[in-house]
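The structure under discussion appears below in the form of structure tokens.
The values are calculated or read from the model by the stated rules, or taken from the named source; none is laboratory data. Everything numeric in this text was worked out from a predicted model, so none of it was measured. Don't worry about glycine lacking a Cβ; one is built from the backbone with ideal geometry, like all the others, and counts go over all protein chains shown.
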Amino acid sequence: MDKVVIGIDGGTESLRAGVFDKTGRMLGSHAHPYETQYPHPGWAEQRPEDWWTAVGAAVRGAVAAAEVTPDQVAALCLDTTCCTVVALDADGAPLRPALLWMDMRSAAQARAVAGVTGGDPALVVNQGGAGPVSAEWMLPKSLWLAQCEPATWARAATICEYQDYLNLRLTGRLCACTNNMAVRWHCDTQRGRPLSLMAKLGIPELAGKWPQEEVAPGGRVGSLTEAAAQHLGLAAGTPVAQGGADAFIGMIGLGVVAPGQMALLTGSSHLQLGVVGSELHGRGFFGTYRDAVLPGCSVIEGGQTSTGSVVHWFKRTLCPPGLSYAELDGEAAAVPPGCEGLTALDHFQGNRTPHTDPLSRGALAGLTLKHGRGHVFRALLESVAAGTAVILRAMSASGYLLPSAITLAGGAARSELWLQIHADMSGVPLRLTRECEAPMLGCAILAAVAAGWYADVPGAVQHMVHVERQVEPDPAAVAAYAVPLARYAALYPALAPLFHGDHDHDLPAGQQGQKAQAGANGGSSGPHLAAVSAERSGSGGVVSAEGVSLELGGGKEAAAEAAAGPRPAGEPAGGGGGGAAAGAAAGGVILAPSILAADFANLAAAAAAAEAAGAGWLHVDAFDGSWSACRNFTVGPPVVAALARATRLPLDVHLAVMHPGRYIDSLVKAGAAGITVHWEIAPEAEVAVLLGWIRGAGLRAGVALAPDTPLPDSLVSLAARGGVDVVLLLAVAPGWGGQAFRPAVLDKVRQLRQAAGPELRIQVDGGVNAATAAEAVAAGADVLVAGSFLFGHSKGLAAGMDELRAAVASGLAAAAQKKA
Ligand code: DX5
Ligand code: ZN
């Protein structure tokens, strides 16, 4: 009675089990479907209990189909979708449905991971640190749970994967899989777990929630418990080997385990997984995931989002019913390579690599009246193959040695024409194996090693994977594709501005495609207050001065600090840098000269003058030109560091850039006392992470609003619950000093002061002079930024400061009078 092993593939739609013999032949299999729930657009969930039901039914079905007995089963092993995240309580029971790998709810958290923690060594797998990070990954999903379901987060003893959950139920042992950890958890066998990333994200506790034990693919997780054995219809004690992520275990099933080999998994999408002998990073691909599949088997990853789905789309929507793929292939085969000048772009669902651009779209370029259906169909086939060729090119540009052959699995293998186009476009032979269920066979191989049939995985692969044939590139066709391939490569850069809406930048605000996209992605979500009226009430807009006390001298900040006792080391001064009252005008109002209006060739002198004149903070506009609403370059961290040497004034950095995460660490090092980021550049969750990071570094954390941005309810409530130290309200367009004060800002000041109470610092920036200063403080502002008024003052900066102090006192007095 020959022994067998069972490979189990927990996929997206169903779980399938297959019984394999020692040669890798499948003797029988059975699939059991489960449901996916879509509670909101972009969300996708599955019930862990359904997986458990499925594994029982599928294994029983496979054993019956293969006509084997339970005692013949030497071992089993499973792979699963990845990254499918499960939250378990202390007893191992799921606390909520699993977040399926394709669940995109954590898009904002993914941007936060990439942007906020820029520079963290763990991010090297995301295109050498250039990002982005996919919302599919473990950290964004965990951060979402922490931010959006804090109660579940608090109760969760374990955050793990589908893989780990089923292994736990089968064996009673909780362990993580090194394959999943390497490819989707930002873990690395040399750098370890991404603890500094977790800390920067404000979820250090995640380290304790991940399974503490790790088992690599092929290692022994344990053996079937009594209960599990009954559920599966197998013998208790049957060994359970570690599997991993379906596509990566599929590599094993294709025999792709040695450096120089590559697997191409095709279906509705394409995945290129290359084994590399040494670490490789760069633009246009993901990885290197060190030791991802097996020790020494490190992997780089490329991917195309829509491939088979594009071909299917063409047939389904543009061809008469009944027309077969074989007929379409026949029409396409009659067209020469390059489709007589017709080039398609396969980015129907965006591009995963090498551009990583979710906004990119499909295209047909170069149409003439001569072109027919065969041309268009062939152009689509060529575009997918070209997409793979371009990914290979990006990899080799970073030092990857092109594989001697690519082992291909999946739907593309059904078309000889398409296979040949793939080989000709990339210039690499394609290998096809006997067993098309590569992930299931990969599991069987791992189980065979655990059962002791073979000494190691490469040894098992030799016996269980069988290459059936090889498709060789045709040298003439390879040459003929040179020009079409160049045309394909030129298409994305030419069209990207169109897909990004860059062409409509000059449309009136609110009609810009890009902005609409940002909103759709969750940018400052939630209902907005209507744009505030630019009109002022009769008495100069003075309504209330709540939160601004009238005491002269120390001011509320000094009083609060005195009450709170000495400030802990490392915490920045809340107000002026020196003594209690230094730098504060009446009512504790801070005057902050803005160096944007100073002579940039003499910044040290400007800072010294501001300090001598009794400024509270020095306002430093740090713009890098990346945010289109702020069209200027100013200064960066090195200048902030130089200013920190030139003055003792707290440096308040107004960071109007698209990716603040790139600068936070260096601004902290440079000696900034506070950093203010713009609300408009990212969704609220991402801004919240930035603020946490700034505060975590011991700095004052601020949020800025451009003059056209209505005061968001969500920002008001964030401020009301103390989630931000300063709100900066711009009274001018960001970018330059010397613009006229836009009085609409005053209503925002009033609303915010009313809602947030006296503790919040409200900063008015731009167009501040003696007249507008009085109005701003009367409305409730307590930090005034003034650039050209001070540095351009005819009597000098000190005289300007005196005028502002007088204006503050009169504004406060007017407000108090009005209140009384
Ligand atoms: C505007 C800047 C302000 C500017 C203010 O983009 O954020 O700090 O320097 O300058 P004045 O006071 O000249 O408007
Ligand atoms: Zn500013």
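Taking residues in the stretch 208-223 that are outside the structural domain of CYS297 (by the TED database) and in a loop (DSSP other than H, G, I, E, B), and partners anywhere that are modelled with pLDDT of 95 or more and among the basic types (Lys, Arg), the pairs with Cβ atoms closer than 8 Å and at least 6 places apart or on different chains are TRP210/ARG193; GLU213/ARG173. I'm trying to understand the selection: among the residues of the stretch 584-628, which are away from ligand 2 (no atom under 14 Å from the Cβ), within 37 Å of the chain's Cα centre (by Cα) and in contact (Cβ under 8 Å) with a residue 60 or more places away in the chain? Residue satisfying the conditions is SER628 alone.
Assess whether ALA332 counts as being more than 26 Å from ALA394 (Cβ to Cβ), surrounded by 19 or more Cβ atoms within 10 Å (Cβ to Cβ) and in the same structural domain as GLY411 (by the TED database). Spelling it out, ALA332 is indeed more than 26 Å from ALA394 (Cβ to Cβ), surrounded by 19 or more Cβ atoms within 10 Å (Cβ to Cβ) and in the same structural domain as GLY411 (by the TED database). A residue that is within 15 Å of ligand 2 (Cβ to nearest atom), outside any strand (DSSP E or B) and either aliphatic (A, V, I, L, M) or touching a helix residue (DSSP H, G or I) at 6+ places or on another chain (Cβ under 6 Å) (or both) can be found somewhere in the stretch 684-707.
Could you tell me whether the stretch 462-471 includes any residue that is surrounded by fewer than 22 Cβ atoms within 10 Å (Cβ to Cβ), over 26 Å from ASN351 (Cβ atoms) and among the basic types (Lys, Arg)? Checked against the condition, which is being surrounded by fewer than 22 Cβ atoms within 10 Å (Cβ to Cβ), over 26 Å from ASN351 (Cβ atoms) and among the basic types (Lys, Arg), the stretch 462-471 yields at least one hit.
The set of residues in the stretch 711-737 being assigned to a loop (DSSP other than H, G, I, E, B), away from ligand 1 (no atom under 16 Å from the Cβ) and either on the phi > 0 side of the Ramachandran plot or in contact (Cβ under 8 Å) with a residue 12 or more places away in the chain (or both) consists of LEU711, GLY722, GLY723, VAL724, ASP725. Scanning the stretch 798-820 for residues that are hydrophobic (A, V, I, L, M, F, W, C), surrounded by 15 or more Cβ atoms within 10 Å (Cβ to Cβ) and without any contact (Cβ under 8 Å) to a residue 40 or more places away in the chain, we see that the one that is farthest from ALA613 (Cα to Cα) is ALA807.
Where residues in the stretch 418-470 are assigned to a strand (DSSP E or B) and among the polar types (S, T, N, Q), which of them is farthest from the chain's Cα centre (by Cα)? Per the criteria, the residue is GLN470. Where strands (runs of 3 or more DSSP E) fall wholly inside the stretch 227-336, the ranges with 1 or more residues that are touching a Leu at 6+ places or on another chain (Cβ under 7 Å), among the aliphatic types (A, V, I, L, M) and closer than 30 Å to ASN167 by Cα are 239-241, 262-266, 270-276, 297-304.
Scoring MET1 on the criteria (1) surrounded by fewer than 19 Cβ atoms within 10 Å (Cβ to Cβ); (2) among the hydrophobic types (A, V, I, L, M, F, W, C); (3) modelled with pLDDT of 95 or more leaves a single failure, condition (3).
Being of a type in the set (A, V, I, L, M, F, W, C), part of a helix (DSSP H, G or I) and more than 14 Å from ligand 1 (Cβ to nearest atom) is the filter; apply it to the stretch 592-622 and report the residue that is surrounded by the fewest Cβ atoms within 10 Å (Cβ to Cβ). Restricting to residues being of a type in the set (A, V, I, L, M, F, W, C), part of a helix (DSSP H, G or I) and more than 14 Å from ligand 1 (Cβ to nearest atom), the top hit is ALA601. Residues in the stretch 640-683 that are more than 16 Å from ligand 2 (Cβ to nearest atom), assigned to a helix (DSSP H, G or I) and surrounded by 24 or more Cβ atoms within 10 Å (Cβ to Cβ): GLY661, ILE664. Within the stretch 761-799, the set of residues being near ligand 1 (Cβ under 10 Å from one of its atoms) and charged (D, E, K, R) comprises just one member, ASP765.
In the stretch 738-780, the qualifying residues are those that are on the phi > 0 side of the Ramachandran plot and out of contact with any helix residue (DSSP H, G or I) (no Cβ under 8 Å at 6 or more places or on another chain), and the one that is farthest from ligand 2 (Cβ to nearest atom) is GLY767.
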